[in-house]
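A short worksheet on the structure shown next.
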């Protein structure tokens, strides 16, 4: 039989673990999935559509094996919030906090190498050169999709 003194000691020990006014640890903010598709546009592939005088849409070729980065907009010097590698279909999924992000593919190193080496480089607002980038706002907390495209120099 458990003595009253042992029972009381157990209750005092239990109460010592509970601190008045201590709030439970907040749950970590849920991450929002962003699916990014990376493609290369080949201008040399544009051909007029017979009897219309208009050009057919430019072919978009998925790019596998490139890194996609997400950072806070406005500062290209901070470490990426998330990175992912594109699959054979050119898709990568980043898990990001709700809010604004700058999503881009870093410039090939050395320049001119890799599957995006022969593409037009663009400057992000902070001056960072990249083959492709876009700003995305995930403030609503809903999953989103984004296509990043680069233009091939030598079709």
message: Can you tell me how many residues within segment 103-119 are more than 17 Å from residue 67 (Cβ to Cβ) and under 16 Å from the mean Cα position of the chain (by Cα)?
response: 0
message: Go through segment 62-82 and report how many residues are modelled with pLDDT of 90 or more, loosely packed, with under 14 Cβ neighbours inside 10 Å and more than 10 Å from residue 38 (Cβ to Cβ).
response: 0
task: Could you please find all residues in segment 120-143 being more than 14 Å from residue 73 (Cα to Cα), surrounded by fewer than 18 Cβ atoms within 10 Å (Cβ to Cβ) and under 18 Å from the mean Cα position of the chain (by Cα)?
output: 129, 140, 141, 142, 143
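Table: residues versus (1) in a strand (DSSP E or B); (2) touching a strand residue (DSSP E or B) at 6+ places or on another chain (Cβ under 6 Å); (3) touching a residue at least 40 places away in the same chain (Cβ under 8 Å).
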{"residue": "96", "(1), (2), (3)": "yes, yes, yes"}
{"residue": "103", "(1), (2), (3)": "yes, yes, yes"}
{"residue": "111", "(1), (2), (3)": "no, no, no"}
{"residue": "114", "(1), (2), (3)": "no, no, yes"}
{"residue": "136", "(1), (2), (3)": "yes, yes, yes"}
{"residue": "139", "(1), (2), (3)": "no, no, yes"}
{"residue": "142", "(1), (2), (3)": "no, no, yes"}
{"residue": "151", "(1), (2), (3)": "yes, yes, yes"}
Given (1) closer than 17 Å to residue 33 by Cβ; (2) buried (at least 17 other Cβ atoms within 10 Å of the Cβ), index of the condition residue 95 fails: (2)
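The values are calculated or read from the model by the stated rules, or taken from the named source; none is laboratory data. All values reported here derive from a predicted model rather than from experimental measurement. With ideal geometry, Cβ positions are generated from the backbone for all residues, glycine too; neighbour counts draw on all protein chains shown.
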